[in-house]
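Right, one structure below, let's go through it.
The values are calculated or read from the model by the stated rules, or taken from the named source; none is laboratory data. The model shown is predicted, which means the values in this text are computed figures rather than measured ones. Note: ideal-geometry Cβ built from the backbone for every residue, glycine included; neighbour counts use all protein chains shown.
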Amino acid sequence: MIKSASLFVLALGTTALPALAQTEITWWHGMGGRNGEVINEISQMFNEAQSACHLTPLSKGTYEEALASGIAAFRSGEQPNILQVFDAGAATIMAAKGATIPAEELIQGAGKPFSREDFIPGVRNFYADSTGKFVGMPFNSSAPIMYVNTEALAKAGVEMPTTWEEFEAAAPKLAAAGYLPLTASQLTWQFVENFKSRNNQQFATNNNGYDAVQGTEIIVNDTNTVMMFDKLKDWADKGWYGFYGAGWSDNQKPFEEGKVAFWIGSSGSFGGLSKTATMPFSAGFLPYWASLGQGTQSFIGGAALFAMAGKPDDQNGCTAEFFSFLTSPETQVYWHENTGYVPVTTAAYELAKSQGWYEKTPVAEVGIQQLMLPGGEWTKGYRMGFFPQIRSIEEREFNRIFSGEVAPKDALDIIQKEADELLAKFAKTAG
Amino acid sequence: MTVSPSLSLAQRLRLWVSRPAGPPAKAVQFDRALTPWAFLVPQLAIVVIFFYWPSAQAVTSSFYLEDPFGFGATFVGLDNYADLSRSNEYRQIAGFTAFFSAVVTALALGLGLLLAVKADKVIRAAGPYKTALISVYAIAPPVAALIGMMLFDLHIGPATQFAALFGYDLRVGIDYWDTAFALIVISVWKQVPYNFIFFLSGLQSVPVSVREAALIDARSGWRRFVDVTLPLLAPTAFFLLIINVTYALFDTFGIIDVIVKDKPANNPMTLVYKVYLDGFKGNDIGGSSAQSVVLMVLVAVLTVVQFRLLERRVHYG
């Protein structure tokens, strides 16, 4: 008896020792390349800044793979402390109430200051519940913006358009000067989701899906969305818009080669573009329709960090510590300047400004300015389950539109129907 | 077999290799009834853990609608299957899978056989020639697809530029059938060397005496091939048929994944890719389980058909 008791004490001692020294936490993310390296650098900075916690970041591949791995790990009780989830996956993880600890509760529970007003307006609601409580911690945020081939503009003698009406006026001149006026890398994000936000259009019933999972229906075959895609098809037929499939880089490449006047990309694209573009370029906001309004702010793109549930208190304390560290202006500016993602707090934006970052690289400011534009009733975000699949349906139908197999209205009707079936199914799984 | 002590080691070895087959060895008897089971357990455990258990799980979860995080599952009976049968998209993918498998299998077998027959006749530099044909087999499917992707690139692909010479606008990734064409070319290219190896060794095991006898009977090379060589190759061909169908159905996953670049859009895909898409990317566990059960049944039926109907026609010499 004494022997087994002493063994128990011994075992307790050996397991407790490392925990006393440092609490280990893990962070699974879906970033590669330079962005993945910056994540490692930030983790290193966090580990050096304090001694109580030790953070290990781990890349799980793409956004979708990171979410899938996180879910599989949660089901077997092996979840990481922090999981990065992208915009389209937000509804999935937020509908699973017991899977995460809301970031706001976690940080306040650890006795750290937290204020929603510190964050720039465009990021406040996307990862928050319907009361505005932050569930996910906004991390890498981006906005769809329009990159501009300045050479092409000068040659054709046109100004950078701010509305699609202005684009329609400039396009014939650009085409006459030998340029393809427009390409875009992700129609789902840029011409559906952010067509809705930039023009302040309702995207789903139930207050864009925020109020309830049950009965939420998407709104994509309405007159205005159909108009947007009729226009795109018309532009493609006139040689004003080039569609190169659903892949991101296939649509970016002609712009890099200097053959295209305007390319709709991400605010996070500019780091890579500075290296690959063969001509001088600049950037502006994603255009809006003057016929629909004044141009409101866009939805936040990118991803947020979620604190997974089911972890011991000391580890949760470290996660809170890291979230605070991450939102400090210095960390945000480091992230912003090294990756091109926008800073998520006003203080970080001011710091980058005071350091003269935007005088050196004016393009880096476009994304954050677009997110700080006046908002509207429908610009705070959307919440729809199985959204990655809904995007796949959209991609399928858009391919069919531009290969001439289906009219835009019919394609959007199909998307409406299939997306609603998925949403109904999601309501059943979440119910 | 008596061996004279004066033979060298090499000669002994040759004799041993070419020794006539003796009567079959006597069945081994174990002292205890449990011993054979002890030998079987590791193998059975692997089969149960890695095959039966996951299969049973797939069947179970195909009757449920489950939230991805596993907080709750609702029994929905055959709803997931009903959804599949109603889905136009699923029917279209099933149709494409059948078409794709048939075309890839036919072309890969046909080209493999053609190359093997021709290589069998090469006398000078036969080694390097065969190595060159076989080496492609060492390339992993995703790598093969990457090479294919460069060939079929929308902007700079040589295949795209070649098609443009004939005034054809090849748009892999956008046009459904253009992508199907690229998928088939890459999948066939990847599989031909495998078939080539087996057909070649099959051809080389056709006895010289039989070939010579055939040479006297028929002057036409084609007739000799159809009447003598082909029937002797039947066991090899049957084996390869099963392997190739399985390859086209399942192993082309890596190729499809690379070609559609994570975004299948309106591009063709096979049933296996759809299971992955819905299960892993869409987090729809019930729906994708139902799909994998459908796939399991399909493979079972296919195997039975192949062995029951086709094997009867195969003559094992």
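Worth a mention:
- Condition met for B:Tyr247 (of a type in the set (Ser, Thr, Tyr) and away from every other protein chain (no Cβ under 14 Å)): yes
- Filter pass, B:Leu298 being surrounded by fewer than 22 Cβ atoms within 10 Å (Cβ to Cβ), without any contact (Cβ under 8 Å) to a residue 60 or more places away in the chain and within 19 Å of B:Ser87 (Cα to Cα): yes
- Each residue in the range A:142-165 was checked for being assigned to a helix (DSSP H, G or I) and of a type in the set (Ser, Thr, Tyr), and 1 of them qualify.
- Enumeration of residues in the range B:260-280 that are facing chain A (nearest Cβ under 8 Å), under 26 Å from B:Thr60 (Cα atoms) and either surrounded by 22 or more Cβ atoms within 10 Å (Cβ to Cβ) or modelled with pLDDT of 85 or more (or both): B:Leu277, B:Asp278
- Enumeration of residues in the range B:59-76 that are away from every other protein chain (no Cβ under 12 Å) and either at pLDDT below 90 or touching a strand residue (DSSP E or B) at 6+ places or on another chain (Cβ under 7 Å) (or both): B:Phe63
For every residue, the table says whether it meets (1) at pLDDT 90 or above; (2) over 24 Å from the mean Cα position of the chain (by Cα); (3) at positive phi.
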| residue | (1), (2), (3) |
| --- | --- |
| B:Ile123 | no, yes, no |
| B:Gly127 | no, yes, no |
| B:Ile134 | no, no, no |
| B:Ile139 | no, no, no |
| B:Pro142 | no, no, no |
| B:His155 | no, yes, no |
| B:Ala159 | yes, yes, no |
| B:Ala163 | yes, yes, no |
| B:Gly167 | no, yes, yes |
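- Selection within the range A:97-138 - without any contact (Cβ under 8 Å) to a residue 60 or more places away in the chain and either in contact with a Leu (Cβ under 6 Å, 6 or more places away or on another chain) or within 14 Å of chain B (Cβ to nearest Cβ) (or both): A:Lys97
- Exclusive hit being outside any loop (DSSP other than H, G, I, E, B), at pLDDT 85 or above, over 23 Å from the mean Cα position of the chain (by Cα) and not basic (Lys, Arg), set B:Leu107, B:Leu84, B:Leu113, B:Leu13: B:Leu84
- Checklist (1) more than 14 Å from chain A (Cβ to nearest Cβ); (2) in a helix (DSSP H, G or I) applied to B:Gly167, failing item: (2)
- Selection from the range B:82-98 of residues that are more than 14 Å from chain A (Cβ to nearest Cβ) and in contact (Cβ under 8 Å) with a residue 24 or more places away in the chain: B:Ala94, B:Thr97
- Qualifying helices (runs of 4 or more DSSP H) (wholly inside the range A:176-283; at least 2 residues being away from chain B (no Cβ under 14 Å), within 24 Å of A:Pro362 (Cβ to Cβ) and modelled with pLDDT under 95): A:270-276
- Restricting the range B:64-81 to residues that are in a loop (DSSP other than H, G, I, E, B) and touching a residue at least 60 places away in the same chain (Cβ under 8 Å), the residue that is nearest to B:Gly282 (Cα to Cα): B:Pro68
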